[in-house]
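Working notes, beginning with the structure itself.
Every read-out reported here was derived from the displayed coordinates using simple, explicitly stated rules and does not represent laboratory data. Note that the structure is a prediction, hence the values are computed from the model and not measured. Counting neighbours? That spans all protein chains shown, and the Cβs are built from the backbone with ideal geometry, glycine included.
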Amino acid sequence: MSLTEFEWDTVNCARCSLCKWVDPWELTSERFAKVCPAVARYLFDAYSCQGKMDVALGLMRGELEFTESLLDIVYKCNLCGACDIMCKRSRELEPLLMFKALRAKCIEDGQIIPEHMFLIDSLKREDNVFGEPKSKRGAWAEGLELKDINKKKAEVLFHVGCRYSYDADLLDILRGVVDILQASGVDFGIAGSEEACCGGRAYELGYQGEAGNFAEDVQGRVKASGATTLVTACSDCYAAFKYTYPLLGKELPAEVLHITEYLERLLKEGRLNLTQDLGLKVTYHDPCHLGRLSEPYIPWEGSRGAYGRHTPPKEFRRGTFGCYDTPRNVIRQVPGVELAEMERIREYSWCCGSGGGVWEAYPEFASWTAAERIEEALSTGAEALVTACPWCERAFKDSVVESGAPIKILDLTELVLLAAGDGKKKSKE
Ligand code: SF4
Ligand code: SF4
C-alpha cells in the first residue's frame, strides 16, 4: 500500500485528539485515561496519531523532509492500534494502515534506523528477528521427540514463532504448551529449524515485500503438511496469520487458532480438566496482537467519492471482534482464580511496549510503557498479571525485575498447567 492512498485520511483528520484517550463513555479514572504510549511518553502532539497524520501530509506535499526528528516520530510508535480504534469511533479513517504505508515510504526513500537495519538483515539471513542462527530455531524441542511436520503428517501444526523459539527465559512456557497438547492427546507436529518468522514484524517495519515472502513460506509449509489447524502461542504471529496474510492476499489453507482458543476447545471437549484450586487473584492483559489487531481482515475494493464516501460502502475493523472473551473464559474455568479487571481492557488495552520495532530500537520507551501497565495491574490488587503473548511476557518480566513490583507474570498456559494437575496426568494415562 502506498502512502498516497491515504492522502484523504491525512487531510480529513479532524485534529480532534480522540485518538489519545480511552472512549469517554468507558473512562474510569484520569490516571489510566490515555491510550497512546507514544504521546503519553513524549508529550509533543507530533508523536500522537493526529501528529503523524500531519507529518505524513507534510511529506506527501513536499512541505517536510526527512530528518532525525521526523524519523523519531515515525518509529517511536508501537503500532499498537489503540488510536486507530478510537479514531474509528467517529471517523472513517485508517490511521494504522497509514502508519505502515508511511514506514514503507521511509524504506523506499532509504530512511531506516540502524536498529531496524539489524532486524531486517537478521530476517533476511536467519529467518528470525534476533540475529540468531536459523539452525538453532528448533533447539528448544531437543529431547522431546516431537513429530517433525516436514516428514510426517499431523492434524495440527504448532507454529512457535521467533520469541518463544529463542528466548531461554520463556522455555518453560513453551514446553508447558507442549505438555498440554500431549496430555490432551492432540496429534501435532512442529517445523523445528525449518520454521521461519511469520513476517509480521517485517510488515510493521515497512518491508511489505519481505512480509509477503514469509507469508508464502508459511503457506507452503501448511499446505505440504496437510494440517487442518495451525495453532500458535504467539499473538504477533496470530495477528499476522489472521489479518496481515489476507491483507497481502496470502490466506493460510488451514483453520488458524491462538493457543487460548485451542485451550478453550480442549476444555469444552473434556480433553483437559482443571482440578487444582489455585487460590489466586489475577488480572489479564489483552495483548494488542491478540485483541484489537487480530480482528479479521475485511476485504474492500472501491473508491472514495464526495465527502469521502466509500463506494461501495466499506466495513471497518473497529476493535469489536478481537480475541477478548476467550482468554477470560479460560481464566474463569480455573478453580480458585479471581479475575480483577484493569481499567484499560479489550480494545482500549494499553500496549506492553514491545510492538512496531520499539523494543528493539527504543528500549527505554518500551520499558516505560511496560512499567505503566504494571502499575495499572497493581492497582487491581492482583497477585499475578496473566497474558497470552511472549512479547508481552518478556516486557513485563523485565519490568518487574527492574522495579521489584510485587506481582507475578504468568502466561495463560502456565495458569492452565498449574490448574490441570491431576486432570492432566489422567489424560496422559
Ligand atoms: S481521532 Fe482520528 S480524526 Fe481525530 S485527531 Fe485522531 S486521527 Fe485525527
Ligand atoms: S499505534 Fe499506538 S503508539 Fe502508535 S500512535 Fe497509535 S496509540 Fe500511539
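The residue among Ile345, Thr311, Gly357 whose Cα reaches farthest toward the positive pole of the charge dipole of the chain, with charges on the beta-carbon of Lys, Arg, Asp and Glu, is Thr311. Region 216-248 and region 276-329 have Cα centres separated by 18 Å. With a cut-off of 13 Å between beta carbons, the residues surrounding Asn150 carry a summed charge of +3, where Lys and Arg count +1 and Asp and Glu -1.
Let me know the charge dipole size of the chain about its Cα centre in debye, to the nearest 20, where only the beta-carbon of Lys, Arg (+1) and Asp, Glu (-1) is charged. The partial results should precede the final answer.
Values: 52 positive and 66 negative charges, 168 e Å.
For the chain, the charge dipole is close to 800 debye.
Only Cα pairs under 8 Å and 6+ residues apart enter the sum, and on that basis the relative contact order of region 275-420 stands at 32 percent.
Ordered by the number of other Cβ atoms lying within 10 Å of each residue's own Cβ, fewest first, Ser29, Ser367, Ser303, Ser294 fall into the sequence Ser303, Ser29, Ser367, Ser294.
Under the definition of Cα pairs under 8 Å and six or more residues apart, what whole-number percent is the relative contact order of region 1-111?
Working: 122 pairs, mean separation 39.9, N = 111.
About 36 percent, as a whole number.
When DSSP assigns beta bridges and you keep just the ones with both residues in the chain, what percent turn out antiparallel, to the nearest 5?
Restricted to the chain, the bridges split so that about 10 percent are antiparallel.
Peptides 190-199, 150-159, 50-59 ranked from most to least packed give 190-199, 50-59, 150-159, packing being the mean of other C-beta atoms within 10 angstrom over each peptide's residues. Coupling constants for region 31-36 follow from the phi torsions by the Karplus curve (6.51 cos²θ - 1.76 cosθ + 1.60, θ = phi - 60°), and in residue order they are 4, 10, 9, 8, 10, 9 Hz; glycine and proline get x. Ranked by how many other Cβ atoms sit within 10 Å of their own Cβ, fewest first, the residues Cys288, Cys36 fall in the order Cys36, Cys288.
Take the cross-link list Lys242/Lys314; Lys52/Lys134; Lys76/Lys250; Lys100/Lys151 and give me the ones stretching past 31 Å between alpha-carbons. Spell out each step's value before the answer.
Details: Lys242/Lys314 19 Å; Lys52/Lys134 36 Å; Lys76/Lys250 29 Å; Lys100/Lys151 37 Å.
Lys52/Lys134; Lys100/Lys151, as the Cα separations exceed 31 Å there.
For the chain, set up a GNM with springs between Cα atoms under 10 Å and report which of Leu79, Leu418, Leu174 has the largest fluctuation. Comparing Leu79, Leu418, Leu174 in the GNM, the peak value goes to Leu418. Ranking Ser122, Cys323, Gly404 by Cα position along the charge dipole of the chain, where only Lys, Arg, Asp and Glu carry charges on their C-beta atoms, puts Cys323 farthest toward the positive end.
Evaluate the relative contact order of the chain (contact order divided by residue number), counting alpha-carbon pairs under 8 angstrom at least 6 apart; express in whole percent.
After rounding, I find 18 percent.
Which net charge results when you count Lys and Arg as +1 and Asp and Glu as -1 among the other residues whose beta-carbon is under 11 Å from that of Gly279? Before the final figure, lay out each step's value.
On the way: positive: Lys281; negative: Asp277, Glu338, Glu383.
That works out to -2.
Shape class of region 151-238 from the alpha-carbon gyration tensor: oblate, with a/c at 1.5 or above and b/c at least as large as a/b.
A cut-off under 9 angstrom between Cβ atoms defines the neighbours of Tyr42, and their net charge, with Lys, Arg +1 and Asp, Glu -1, is +1. Between Glu63 and Lys151, the distance separating the two model label sites (each 7 Å from Cα on the Cα→Cβ line) works out to 6.3 nm. Taking the chain as a Gaussian network of alpha-carbon nodes connected by springs under 10 Å, the highest mean-square fluctuation of the residues Glu126, Glu26, Glu94 belongs to Glu26.
A Cβ-based charge dipole, computed about the Cα centre of region 1-111 with Lys and Arg at +1 and Asp and Glu at -1, lands at about 380 debye.
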